[in-house]
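> One structure, pasted below without further comment.
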Amino acid sequence: MPAPQTALFTAADYRAMPDDGRRYQLIQGDLIMAPAPNTFHQIVQKNLLRILDNHLLQHPLGTVIGAPCDVYLDEHNVYQPDVLFVTRAHAERIQPDAIHGAPDLAIEILSPSSAALDRRKRDHFARAGTVEFWQIDPALRQLQRFVFAENRAKPVALIDDPETFSSPLFPELVIATAEIFRR
């Protein structure tokens, strides 16, 4: 006897959910609840937001937003990247309720409880049109920088603390990993 098939959650189902104070994401039609990240994860997120926001105050290239903020990629994928950036050219994607469409940059900070899920998201961001994806591992003090036009599967750079790096999305900005991982 075949197993009963469960229906995939859709973006419409996700939108209709009551706010219960928990953090959910829709990944390939599966509704996933994530526990709150650990404190070092939150410190890394705060540092990234400060670095990028300070640069954007001087160079108004777009908008940087930290989680939680829903990103609707398609009918079965609604993510909340830890940090996202949308260029001014794509400003219409920023709607009052969420981001509708791919951010130009999505950043996921790995936590022991969510690392496997965060890694699953990378291909969906690539297919949706995200330009860059940064996967940050606080435990290793390492950043993997993916540029999807060059390679979806492998990072174009593996940056360890205390190295620096830059991105064409943020001209004139050199980011020191020591600043990202500063406690």
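> Enter the angle in degrees (range 0 to 90, nearest 10) between the Cα long axis of helix 39-58 and the first principal axis of the Cα atoms of the chain, meaning the one along which they spread out most.
The angle comes out at about 60 degrees.
> Ok, one more. Pick from Pro35, Pro60, Pro18: which residue has the top mean-square fluctuation in a GNM of the chain where Cα pairs under 10 Å get a spring?
It is Pro18.
> Over all distinct alpha-carbon pairs, what is the Kirkwood Rh of the range 1-59 in angstrom? Walk me through the intermediate numbers first.
Details: mean 1/r = 0.0669 Å⁻¹.
Kirkwood radius, the range 1-59: 15.0 Å.
> Something else now. For the chain, what does -39500 (n - 2.57) per DSSP helix run (n ≥ 4), summed and divided by total residues, give at 222 nm, in deg cm²/dmol to the nearest 500? List each step's numbers first, then the result.
Details: 4 runs with 44 residues, N = 183.
Value at 222 nm, helices only, nearest 500: -7500 deg cm²/dmol.
> GNM, the chain, Cα, under 10 Å: largest mean-square fluctuation among Val86, Val71, Val156?
Of Val86, Val71, Val156, the Gaussian network model singles out Val156 as fluctuating most.
> Can I ask one more? Cα axis of helix 115-128 to longest principal axis of the chain: angle in degrees, 0 to 90, nearest 10?
Value to nearest ten degrees: 90.
> Read through the labelled values (i) 29; (ii) 34; (iii) 26 and report the label of the one computed as percent of Cα pairs over 26 Å apart from the structure.
(i)
> Here's something else I'd like to know. May I ask you to give the average projected area over all directions of the convex hull of the Cα atoms of the range 40-87, in nm² rounded to one decimal?
Numbers: hull surface 14.2 nm².
One quarter of the hull surface, i.e. the mean projection, equals 3.5 nm².
> Mind checking the log10 I(q)/I(0) for the range 85-143 at q = 0.12, 0.18, 0.22 Å⁻¹? Debye, one equal scatterer per Cα, no solvent, two decimals.
Values returned for q = 0.12, 0.18, 0.22 Å⁻¹ are -0.33, -0.67, -0.89.
> So in the range 19-140, what percent of DSSP beta bridges are antiparallel if you round to the nearest 5? Please list the in-between numbers first.
Details: 18 of 25 bridges.
Taking every DSSP beta bridge with both residues in the range 19-140, the antiparallel ones total about 70 percent.
Just so you know, all these numbers are worked out from the coordinates, no wet-lab data involved. None of the values given here were measured: they were computed from a predicted structure.
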